1. In debye to the nearest 20, how big a dipole does the chain give about its Cα centre with +1 on each Lys and Arg Cβ and -1 on each Asp and Glu Cβ?
2. Would you check the accessible area of HIS34, probe 1.4 Å, heavy atoms only, in square angstrom rounded to 10?
3. So which GluC sites (Glu not before Pro) in segment 1-108 end up in coil per DSSP with only 12 or fewer other C-beta atoms within 10 Å?
4. Exactly which GluC sites (Glu not before Pro) in segment 117-158 are in a DSSP loop and have at most 13 other Cβ atoms within 10 Å?
5. For segment 284-364, which whole percent of the accessible surface, found with a 1.4 angstrom probe, sits on carbon and sulfur atoms?
6. With a length cut of 15 Å (Cα positions projected on each helix's long axis) and a Kyte-Doolittle mean of at least 1.0, go through the chain and give me the DSSP H helices that pass.
7. Can you give the calculated 222 nm mean residue ellipticity of the chain, where each DSSP H run of n ≥ 4 adds -39,500 (n - 2.57) and the sum is split over every residue, rounded to the nearest 500 deg cm²/dmol?
8. Order LYS106, LYS272 by their accessible area, 1.4 angstrom probe, all chains in place, largest first.
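The values are calculated or read from the model by the stated rules, or taken from the named source; none is laboratory data. Quick caveat: nothing in here was measured; it's all calculated off a predicted structure. Cβ sites come from the backbone with ideal geometry, for glycine too, and all protein chains shown count toward neighbours. In case anyone asks, the SASA skips ligands and DNA or RNA and just uses the protein heavy atoms, side chains included. Shrake-Rupley method; radii C 1.70, N 1.55, O 1.52, S 1.80 Å.
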Amino acid sequence: MELTAHAFLGLTGQEISSFEIPWDGAAPAVDGIHLEGPAVETAQNAYMKASRGHAPGDVETVDVKDGKLVITVEPFTNRVPWTLVIGDKRFAKADFTVRTRTADDKFAKIEEGRVMYRLYSPDADEPRPMILFLHGGGNGGYEGERDNEKQLMADYGPVNFAEDYPDVYVMAPMCVEERRDMSKVNMNVSFAQSNFSKDWRYGWSRYYLGKVCDIIRRMIREGKVDPKRVYVTGMSMGGAGTVRAMSVGSDLFAAAVPVCPSMTPETFEILKSIRRPIWVTSAYIDHTLYRHKYLVDAVMHMRDNGNNNAHLTLFSPEELQKYDIAITPDLDYPTLFHQNHWSWVPTYKDDYGIMSWLLNQVKD
C-alpha cells in the first residue's frame, strides 16, 4: 500500500499540499482529519490561526477518487516531523512517499568527479542562459553521505527558477560540509574570526568552485550554454560562495546576486573589488549581526570606484512580513534574527525585480 504526499517548493522549501491514501468506503468528514507534530505546532501557526482563522496544515478538502482518499491541505513545511491523523488511524511522515513537482522529473542527477549536482535543461536547440545556484550551510552533505537532493528541496530557489524561467539552464551543485552545530554558526563571532575552513575539501572553496566552473565552460564549448549569459546566485554560505565564484570564475559570469552572503575578511575584500554587475540583498539585520554593515561598506566601495551597476537591497521588517517572515509578536532576538535570514524569499520571488535585472545582464 503506497501512501503518497504531493509537494512543491514553497517559501519554506519543500511543502506538502495533498495526500493520497488507498481507501475503501466513503470519505471521512473534514473535521475528522488533522495534522500533528513540529511541522504545524508552532507559535507562528498558532498566531496565524488566531489572527486569520487558518494556518499551514489545515485540511481544506477531502474526497475519494478511484479507490484513493485525496486530502488537500493548506501547504506546510516538510522540514520537520508531522503525523496525519484520520479518525483513529495515524500516518507518520516516514510512511509516505513524497513526490515533488518539477524537482522529481525535470532535474537530472549528475556526478562528475567530486562535483555532485542537479541540472534542469531547457528544451532548446540553441545556446541558452544558465543560473548557477549555490546552497546555504546545512543544505549540503557530509563526505560519503551526499544524496544530491537536499540542495533542491531545502529552500525556495533552483526549482522555482526552472518553473519561472523554463528557457534557462539551472545548475544546483551540492558541496561537502564539515560537521558542525548549525544553530551556533555565525552567532557571537567576531568579523576577524569568521573565516570558513581553508580546507579545500569543504564548502564553497576555490577548488570546488573551480571544478563547478569547469563543467559550465564545457557546456559552453558544447554549444548548450550562452557564454554571455551565465549567472550565479546563492544564499548565506552560498552567498559567500557567489562572491568567491566572482573571483574564481571572473571571466565566466555576466552578473551575480549574493543573498545574505557570509562576510569574512576574504569575502569582504573580494566583494569590494568586483567590477561586474552585482546586486546584493539581505535583511536589515539577521543572525550574523555584523553582516549588513559590511555589505553597505562593500557596495559603497564598489560604486565609489566606478561600478555603477552594483546594487544593495536591505529588506525592512515590513517587507519581510509580506512573506510571513518574523510575523509572530514579541519574538526573542535570536529567533527574530534567525527568521530574518530568509531574505532569499523576497529576492527570488522577484517582486523587487532583482531576478529580472539579473537575467537581463549580458557580458561584454
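1. Values: 40 positive and 50 negative charges, 294 e Å.
Result for the chain is approximately 1420 debye, rounded to the nearest 20.
2. Around 80 Å² of this residue is reachable by solvent.
3. Numbers: sites: GLU2, GLU15, GLU20, GLU36, GLU41, GLU60; in loops: GLU2, GLU41.
Here the GluC sites (Glu not before Pro) that fit, given the DSSP loop and packing criteria, are GLU2.
4. On the way: sites: GLU143, GLU145, GLU149; in loops: GLU143, GLU145, GLU149.
Qualifying residues, ordered by number: GLU143, GLU145.
5. On the way: 1970 of 3870 Å².
Its accessible area is 51 percent carbon and sulfur atoms.
6. Numbers: long enough: 206-221 (22 Å, -0.16); 237-248 (16 Å, 0.72); 291-304 (20 Å, -0.70).
Membrane-span-like by this criterion, though nothing is claimed about a membrane: none.
7. Values: 12 runs with 101 residues, N = 364.
Result for the chain: -7500 deg cm²/dmol, rounded to the nearest 500.
8. Values: LYS106 115, LYS272 40 Å².
So, going from the largest accessible area down, we get LYS106, LYS272.
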